[in-house]
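As structure tokens, the structure follows; a few thoughts come after it.
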Amino acid sequence: MGQLELIRDKAAMRQWTRSMKKLGFRVAFVPTMGYLHEGHLSLVREAKARADRVVVSIYVNPGQFAPGEDLSIYPRDLEGDLAKLEPIGVDAVFNPFDLYVRDQVGKDAELIASNAYGNGHETWVRVEKLEKPLCGVSRPTFFRGVATVVTKLFNIVEPDVAVFGKKDYQQFRVLCRMVRDLDFDIEMVGIPVVREQDGLAMSSRNVRLSPEERQKVSSGPKRKDENIGFFIIILSAGTWCLLFALKYYFRNDIHCFGVKALSISQSLRAAEESVTKGESDATVLIQQVRKTLAEAGGDIDYVEIAEQESLRPVTTLDSPVVLAVAVRFGNVRLLDNIEL
């Protein structure tokens, strides 16, 4: 296994790939924004299985963040990322300083918001229909930024195959359509969602969840005799405290203890089980998922069932579909999905 090469320059990256291809090697590419977790590493392993050489890009793309979004606090750890990639045989990491031409050094938000004339970046790639539903409703410039930066990366890295995770399901479908429509000679590979042991879909943003926002408190109701001491203490605190305690206690006695972020994967599994039992009404399944997320305290962006490639919403499950969810817990927006 050769030593991992860290490449910063666009021309040097392009030359590296071309030199590998001259030797007859097939090159696979895994684009990332860094702060790598096991989900990313699973993409790298898939890439290694499909090619002779593997390139991973690490670049937090300002073009996909709207003003006020979490670009400035997006987690970064280049040294840690390199330490994870080298042992599994990545050949090169492309970590450019900036992929956009600027009029002047300024805030990244100006890249998105400015309409002024100038010599800065002004060319964007749009997949006009697929970018509009789901995440495109609340993030109207997001897929423009994703499609543009991936186009730039494809033109720089020049891979034979590119591997993406399907956690960002709409992103994968948008990029597949872009590759088809713009005649990129690149094989697109999508890998199913990789989950943590507790079921939460792996994401670099998970690190920003507080323990309370992701914690599963319990899987069942409490026994009443376990809380006698609790009520004796509360009795001495006054009537209002007692009423609050009774409300809390019996709510959780009747219902299983709530989950927060973990409710996402649990609601998707429950919907999948309903489908296996014969449920085919999309509205029923969507309401089932929304109820679970709302009870867990989630701020729901969307819960939708759509045809897998066109992302058109469906009313009946009579063809391959995806059940896709976007929800906030605290200030963290999480995505998940399941193909049905």
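The values are calculated or read from the model by the stated rules, or taken from the named source; none is laboratory data. Predicted model, so just to flag it, every value in this text is computed and none were measured. With ideal geometry, Cβ positions are generated from the backbone for all residues, glycine too; neighbour counts draw on all protein chains shown. Keep in mind that these areas ignore ligands, DNA and RNA; they rest on the heavy atoms of the full protein, side chains included. Shrake-Rupley method; radii C 1.70, N 1.55, O 1.52, S 1.80 Å.
Cβ under 13 Å from Glu279's Cβ, Glu279 left aside: what net charge do those residues give with Lys, Arg +1 and Asp, Glu -1? It works out to a net charge of -3.
With a 10 Å radius around each residue's Cβ, average the other Cβ atoms per peptide and rank 268-277, 156-165, 329-338, 62-71, highest first. Numbers along the way, then the final one.
Details: 268-277: 14.6, 156-165: 22.7, 329-338: 20.0, 62-71: 16.6.
Packing proxy ranking, top to bottom: 156-165, 329-338, 62-71, 268-277.
Could you sort Arg76, Arg45, Arg180, Arg53 by their accessible area in this structure, using a 1.4 Å probe and putting the largest first? Mind dumping the intermediate values first?
Numbers: Arg76 130, Arg45 105, Arg180 150, Arg53 65 Å².
Reading off the accessible areas and sorting them downward yields Arg180, Arg76, Arg45, Arg53.
A 1.4 Å probe over all protein chains sorts Cys135, Cys176 by accessible area into Cys176, Cys135, starting with the largest. The listed residues Thr283, Thr292, Thr148 rank as Thr283, Thr292, Thr148 when sorted by accessible area, largest first, using a 1.4 Å probe. Distance between the 7 Å Cα→Cβ label points at Glu339 and Ala294: 3.1 nm.
Students often get this wrong, so check it: of Lys21/Lys152; Lys129/Lys260; Lys132/Lys167; Lys129/Lys277; Lys166/Lys260, which have C-alpha atoms separated by over 25 Å?
Details: Lys21/Lys152 19 Å; Lys129/Lys260 33 Å; Lys132/Lys167 18 Å; Lys129/Lys277 33 Å; Lys166/Lys260 22 Å.
Violating the 25 Å Cα-Cα cut-off are Lys129/Lys260; Lys129/Lys277.
Distance from the C-alpha centroid of segment 127-166 to that of segment 24-40: 16 Å, rounded to the whole angstrom.
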